1. For the stretch 149-270, how big is the tail of P(r) above 20 Å, as a whole percent of Cα pairs?
2. Just to confirm a number: summing +1 for Lys and Arg and -1 for Asp and Glu over residues other than D208 whose beta-carbon lies under 11 angstrom from that of D208, what do you get?
3. How many nm separate the modelled label positions at R120 and Q213, each set 7 Å beyond the Cα in the direction of the Cβ?
4. What list of ³J(HN,Hα) couplings, whole Hz, do you get for the stretch 226-242 from phi and the Karplus terms 6.51, -1.76, 1.60, once you set θ to phi - 60° and write x for glycine and proline?
5. Which of T246, T229 has the fewest other C-beta atoms within 10 Å, and how do the rest follow up to the most?
6. If amide H atoms are built 1.01 Å from N in the plane of the peptide, which residues on other chains or at least 5 residues away come under 5 Å of the amide H of Q123?
7. What is the distance, in nm, between label points placed 7 Å from the Cα along the Cα-to-Cβ direction at R12 and at T253?
8. Cβ under 11 Å from L149's Cβ, L149 left aside: what net charge do those residues give with Lys, Arg +1 and Asp, Glu -1?
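What follows is calculated from the coordinates using simple rules that are stated; it is not laboratory data. All of these numbers come straight from a predicted model, not from anything done at the bench. Cβ coordinates were reconstructed from backbone atoms using ideal geometry, including for glycine residues, and neighbour counts include every protein chain displayed.
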Amino acid sequence: MRVPVVQHSTRRWRARRRRALWTGGEVLVTVGVVLMLLVVHQLWWTNRQAQHNAQRKVQALEREWGDPTAGAVPDPETGDSGSDGDDTGTGTGAGAGATKNSSSPARRQSTVNSAQSQPRWSQAYAILTIPRLSLRVPVAEGVSKQNVLNKGYVGHYKGTQQPGQAGNFALAGHRNTHGEPFRYINRLKRGDTVEVETKAAVYTYVVDKTLPQTSARDSGVIRSVPRSTVRPSYGYSAPGYYITLTTCTPEYTSKYRLAVWGKLRSMRPR
């Protein structure tokens with residue numbers, strides 16, 4: 001009976017192969033762990049950090065303005081922040097109704113223009129509140145990712161109008177990661193309210209139309225009279241007092257844009 005002879009070269013080759021397989025396995029596990037940590041960082045940590053940062057900025061603005069309702073969270077169903085009906089700025093209370101009907105938006109706006117100043121680039125200067133989404137976030141000048149959007153803020157498109165002005169007050173916000181303030185704006189329905197607070201006044205807009213999807217290059221949605229250049233059946237044909245909320249769609253992509261439009265209903269000076 002012949003006994004098989006295993007040569008040293010065969011042993012070395014098998015040893016090298018085992019080491020290669022082991023090393024390759026370690027590399028794959030390491031890469032998997034790194035990728036998992038990156039996903040956790042993007043989907044959890046950036047949200048946590050940005051939301052905390054945005055909340056602190058809202059509180060800082062409220063303190064700066066001397067808001068007696070600072071820190072109040074609007075009810076997701078009614079939009080009530082805990083103040084009396086005539087002080088909500090939604091136009092539903094007796095006092096708000098009187099403010100709404102006392103004069104035109106242009107005349108009312110002229111009473112607070114002197115208190116407004118052009119915000120600096122990346123400066124947070126307003127607070128956006130959407131009761132249906134239980135959302136309350138700062139609005140900053142510009143749509144820079146690093147200096148505005150990634151902080152959890154909503155950004156104001158440079159060149160569009162300011163709150164309460166005739167034309168289009170156009171905003172952008174992340175749909176996913178970095179606070180994702182606009183993640184659920186697709187849930188907004190006609191008649192929902194959107195409130196914008198500044199140092200000078202509180203403006204209440206009412207959601208009117210939604211453009212579910214358009215090109216990322218569709219600049220028509222933020223024009224003074226907003227109307228899609230890609231889907232012209234969506235938008236307006238007459239001047240007015242508009243607000244536009246834009247974000248990426250579908251979720252976790254930046255291929256297309258979603259837009260929600262509203263019209264100014266009321267304004268009350270602070």
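1. When every Cα pair of the stretch 149-270 is considered, 38 percent fall beyond 20 Å.
2. Here the charged neighbours net out to +4.
3. Output for this residue pair reads 4.2 nm.
4. Going residue by residue, I get x, 7, 5, 8, 8, 10, x, 6, 9, x, 10, 10, 10, x, x, 10, 10 Hz, with x marking Gly and Pro.
5. Details: T246 27, T229 14.
Ascending Cβ contact count within 10 Å gives the list T229, T246.
6. E141
7. Spacing of the two 7 Å Cα→Cβ label points: 5.4 nm.
8. Values: positive: K145, K151, R175; negative: E180.
Once positives and negatives cancel, what remains is +2.
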